[in-house]
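Beneath this line is the structure, given in structure tokens, with notes to follow.
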Amino acid sequence: SPLCGEEVSLLPQRIRVLIVDDSALVRKLLRDVITGDPHMEVIGTASNGVEAIRAVAELEPDVVTMDINMPEMDGITALEYIMRKHPLPVVMLSALAQKGAAATLKALELGAVDFITKPSHYPSAVKELREEVLLKIRTASQARSHITRKHARGRPGKKIAVPGTMSAGEKLVVIGSSAGGPKALAEIMPRFPVDTPAAIIIVQHMPGVFTRSFAGRLNSVSALAVKEAEEKEKLQKGCVMIAPGGKGL
């Protein structure tokens, strides 16, 4: 216990962040955003995956922000190694494009907590990005301290479920998810049996360009047919529909 007259700090411990990006400009901008929050600090930076792996082992950060496209070793390769050897919350930085969507979804399957879409221009977009960066780092820091690598799954056999039309009294499953949703859904969907007697709707908080690729990934691990919903499409038993990013159903 503290001695008489000794001050006891009630301030929460600051979140220790490692920034990984090959762009010096992006590293500086992220550092400025993060250090502007009194509850966070940047404990180091790295410019590629090799440096990131070394820094994670040496500095033991609470959260890592990781760019995907980097020289020498990309963010996906580094993430896979980190989640195997030194598992901790990682937030990916992704380009908002179809190619970037596929890589980002792969990162989420490997264990990344969330992702931040890079703006198309700097530095004018940093102000808009600030709240998202801080929110996702705070959320990531609250993730379970023990993050295990996603178990490898065998690919399911050929789908034999035949979607049927919905009628009065039929069952409907609705799933809403945000941060951490893609990884959780990749674990949940394979558990639905091929004869699931319900239609399933998923609303995942995600940019529109990502949801079609996301539906394809879930379709590859699920016994049910998974697709991105289309305008005025009817619900069907045995079919999983994902709301297009930025829209409800």
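Just a few scattered comments:
- Rounded to whole Hz, the Karplus (6.51, -1.76, 1.60) HN-Hα couplings of segment 49-66, x for glycine and proline: x, 4, 5, 4, 4, 5, 5, 4, 5, 7, 9, 6, x, 7, 9, 10, 9, 10
- A Förster distance of 30 Å, applied to the separation of the beta-carbon atoms of L172 and I43, puts the FRET efficiency at 0.05.
- Translational diffusion of segment 176-249, estimated by Stokes-Einstein from the Kirkwood radius over alpha carbon pairs at 4 °C in a medium of 1.567 mPa s, is 106 µm² per second.
- Between K227 and V194, the distance separating the two model label sites (each 7 Å from Cα on the Cα→Cβ line) works out to 1.9 nm.
Each value in this text was obtained by applying a stated rule to the coordinates, not by laboratory testing. This one's a predicted model, so the numbers in the text were calculated from it and none came from an experiment. Heads up, the Cβs are rebuilt from the backbone with ideal geometry, glycines too, and the neighbour counts pull from every protein chain shown.
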